[in-house]
Structure formats: structure tokens, C-alpha cells
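Trainee: Here it is: the structure, laid out below.
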Amino acid sequence: MFISAALAASEAAGHHQEGFFEDPSAWVMVAFIIFVAVIVYLKVPGKLASALDARAERIRKELEEAKRLREEAQALYAEYQRKAEEAMKEADQIVEHAREEAERLAEKARTDLDAMVERRRKQAEAKIAQAEQAALDEVRARAVETAVAAATQILKQDMKGDRGSALVEDAIANVGRHLH
């Protein structure tokens, strides 16, 4: 409507000048004004601001979530470091306990070995003493056998005749004295 009135006024004036709507720049300006009017009518700036605000809020929430996750990760890392230190301490304690147990077992083994050596030494000494006693007993037995054999031989020679009868009578008389 505005365009047709301007066109009619331009023709009525009878001027044959180039009209407002014949200039391409005018059409660009009119299109721009219509474009801005449509944008304002459709409340695009508000919607654009809302979209930007929503996006800013979403980014803020994502940043907060990232910060929370970072803090959780740091807490977990600290917890794992603490657990690793505890595990190292426990491993050190286990190693120390094993070392002490090994030393205790080695000392017990030395003590047991010393006791066994002492028992074997005493057993050997006892066997040696028994062998000595057996040898002495054998020597004594042979000495007795030899003495008896020699005495028998001597007695056989001395018992012949009157002297042998006197010794038997003397022995019989001594038996009675020994019995009372």
C-alpha cells in the first residue's frame, strides 16, 4: 500500500525521474526493514538470548560436573596412594617377619644340630666305654682262664702224694671255721 501510493504520487507529479522503488538500493533497504521487523515480531532476539542463556547454563553445569569429577578423581588418587603406602608398609612388615622367622628357624636348626652332635658324641663315648669294658672283661676272662689253667696245672703237680692229702684235710677244717 505504501509502495503503490508512492508510485502513484511519483507518476502524478509527472516527473520522469527515477522513482524510489526503481532504485535497487531502496529495495535492499525495504527488505532489510522487513527482515528486522519480522525478527522483532517473531521475538528472535529473545529466543536467541534464551538459547544462549540455556547454552551458557549447560556449559556452567558441565564445568561444575567436570570440577566435581576432578575432585572425585583427586580423592580416589589420594586414596589409592594411601592404600599403596599401606600395602608397602604391610609388605615391609611381612618381609621383616619372614626375616625374623628365618633367623629364629636358623637358630633353632643350629641348636638342634648342636644337640644332635652332642647326643651322637655321647653315644660314641658310650659305645667306646662299652667296647673298653667288653675288652677288659674279655682280658679278665682270659686272665682267669689262664690263671685257672695254670693253677690247675700247678695243683695237679702239687696234689700228688702226702702234701695233697694234707691240703685237703686243712681245707676241710677251714670250711667248718668259715661256716660258724
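The values are calculated or read from the model by the stated rules, or taken from the named source; none is laboratory data. Note that the structure is predicted; figures quoted are calculated from it, not measured. Positions of Cβ are generated from backbone atoms using ideal geometry, with glycine treated the same way; all protein chains shown enter the neighbour counts. Ligands, DNA and RNA are stripped out before the accessible areas are found, and what is left, the full protein with its side chains, is counted by its heavy atoms. Shrake-Rupley method; radii C 1.70, N 1.55, O 1.52, S 1.80 Å.
Trainee: For Cα Rg over 2.2 N^0.38 Å, several values are listed as (i) 1.61; (ii) 0.99; (iii) 4.36; flag the one computed from this structure.
Mentor: Among (i) 1.61; (ii) 0.99; (iii) 4.36, the one derived from this structure is (iii).
Trainee: Along the Cα→Cβ direction, 7 angstrom out, place labels at Phe20 and Ile33. What is the inter-label distance in nm?
Mentor: My value for the distance between the label points is 0.7 nm.
Trainee: Picking from Ala26, Leu42, Leu76, whose Cα lies most toward the positive end of the charge dipole for the chain (charges on Cβ: Lys, Arg +1; Asp, Glu -1)?
Mentor: Leu76
Trainee: A follow-up question, please. Can you pull the accessible area of Val168 for me, 1.4 Å probe, Å² to the nearest 10?
Mentor: Counting only protein heavy atoms, Val168 exposes about 70 Å² to solvent.
Trainee: Tell me what the chain gives for mean residue ellipticity at 222 nm when only DSSP H runs of n ≥ 4 count, each as -39,500 (n - 2.57), the sum divided by the residue total, rounded to 500 deg cm²/dmol.
Mentor: -33500 deg cm²/dmol
Trainee: With every protein chain left in place, what is the accessible area of Arg55 in Å² (1.4 Å probe, nearest 10)?
Mentor: Looks like 130 Å² after rounding.
Trainee: Only Lys, Arg, Asp and Glu count, each charged at its Cβ (+1, +1, -1, -1), so figure out the dipole size of segment 27-180 about its Cα centre, rounded to 20 debye.
Mentor: About 820 debye.
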